[in-house]
Amino acid sequence: MDFHLTEEEKMLQATARDFARKELEPVASRIDEAEEFAWENFKKMAELGFTGLAIPPEYGGSGGSMVALVAVMEELAKACASTCDILDAHVGLCARPICLYGTEEQKKEFLPSLADGKKVGAFAITEAEAGSDIAAIKTTAVRNGDSYVLNGSKLFITNGPVCDIVVVFANMPALAPRGMTAFIVETDTPGFSRGPQYRKLGMHGATNAELIFDNVRVPVANRLGDEGKGMRICLATLDEGRLGIAAQSVGIGQAVLEQAIRYAKERRQFGSLISQNQAIQWMLVDMATRIEAARLLTYQAAALLDANARISKEAAMAKLFASEACMDIAVKGIQIFGGYGYMMDSPMQRYLRDAKLTQIYEGTSEVQRMVIARALLT
């Protein structure tokens, strides 16, 4: 299925597919076992221009549509979901909001080094008491002369251990209760520090850490958008990020399906290939059908975004359906592999561990249902 991709989009997709097969697949298990940021993969993505996708060339980017970006992320996730996750946080959650909401000076200052991969981007909203309820963040920003002073901490930040530039959201007490404001923070700023890297169930190559802000002075020039407008920026950015997770889910699901088909056509039990068993065939059919539906939802939402449409409902639907399908497909994949699928030297266990996160981050499945319900009932 090419979803009527343009020739440029097809070329990018083919490049990503070739890169994923040759460069990512051979190292995916090692990266998972090492539980370290996939630096080599990130550098190679930068060389191919992937770290600058959907960023205009005048700011050092590679250009390209959102459809192209999700097509690339699907191919990356099929080989190494962690590498896809790194790119989603770097481009979708950091570079893109700067591109969309930043001043001309901010775009010229921050985008080139993000687009060429010289610096790693991140996005910081989640806190100890503000997971799904992002309005409850307690990190504060107080205006002091030509700076804002930030205090607080952010949890579970993807790319957190290595990031150089972070889009951070803080509340301005003077504007309460609608004081959420966005800032571009450079991590070499005095008062910024990181907690230890988290140990996670999956996505081991996309590392996470707590980010700590202790009287961090951020120039007024680094405020992203207007004071008190951070919620709008955050929600719109999460819409785009959810497309990345949907594409990631499709990629993982496709990898499981292909592995399961290959295994079913080789494994013999009771004197015949298990692919001849109707029970196995129907599992494969359900897996393939749900992947195709998830892919169509994802690409449709990306195409709408390229047409400058509001996609809150469509992005939530794509992320909800794709992530739920991904988890179910990963479970079915292990079932088809049987005892071999449960072993740690089987790729199935990595797909399952990675798949679970797609139902949680950038809005849980429950949050997606809330977003969709609000759109349907308003």
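Per-structure values
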read-out	value
Yes/no for Gly52 being surrounded by 20 or more Cβ atoms within 10 Å (Cβ to Cβ) and closer than 19 Å to Ala247 by Cβ	yes
Residue identified as surrounded by fewer than 20 Cβ atoms within 10 Å (Cβ to Cβ), in contact (Cβ under 8 Å) with a residue 12 or more places away in the chain, of a type in the set (Val, Ile, Thr) and assigned by TED's automatic domain parsing to the domain that holds Leu235 among Ile372, Ile329, Ile336, Ile360	Ile372
Candidates Val162, Val185, Val167 - the one that is closer than 27 Å to Leu357 by Cα, under 17 Å from the mean Cα position of the chain (by Cα), part of a strand (DSSP E or B) and not small (Gly, Ala, Ser)	Val167
Neighbours by Cβ (under 6 Å, 6+ apart or cross-chain): first from the range 31-55, of a type in the set (D, E, K, R); second part of a helix (DSSP H, G or I)	Asp32/Arg350; Lys44/Glu23
Some residue of the range 301-315 being more than 23 Å from the chain's Cα centre (by Cα), farther than 28 Å from Gly131 by Cα and either acidic (Asp, Glu) or surrounded by fewer than 20 Cβ atoms within 10 Å (Cβ to Cβ) (or both)	no
Enumeration of residues in the range 56-69 that are touching a Gly at 6+ places or on another chain (Cβ under 7 Å) and free of Cβ contacts under 8 Å to residues at least 40 places away in the same chain	Pro57
Any hit, the range 320-338, residues being closer than 16 Å to Leu238 by Cα, in contact with an Asp or Glu (Cβ under 6 Å, 6 or more places away or on another chain) and not in a loop (DSSP other than H, G, I, E, B)	no
Matching residues, the range 148-178, being modelled with pLDDT of 95 or more, farther than 13 Å from Thr126 by Cα and among the charged types (D, E, K, R)	Asp164
Unique residue being over 20 Å from Thr187 (Cα atoms), out of contact with any strand residue (DSSP E or B) (no Cβ under 7 Å at 6 or more places or on another chain) and at pLDDT below 95 when the list is Gly131, Gly145	Gly131
Qualifying residue in the range 210-217 (condition: assigned to a strand (DSSP E or B), over 30 Å from Gln13 (Cβ atoms), basic (Lys, Arg) and touching a residue at least 24 places away in the same chain (Cβ under 8 Å))	yes
Count of the range 112-141 residues which are in a helix (DSSP H, G or I), surrounded by fewer than 24 Cβ atoms within 10 Å (Cβ to Cβ) and in the same structural domain as Ala71 (by TED's automatic domain parsing)	2
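The values are calculated or read from the model by the stated rules, or taken from the named source; none is laboratory data. From a predicted model like this one, the values you see are computed outputs, not experimental measurements. Cβ sites come from the backbone with ideal geometry, for glycine too, and all protein chains shown count toward neighbours.
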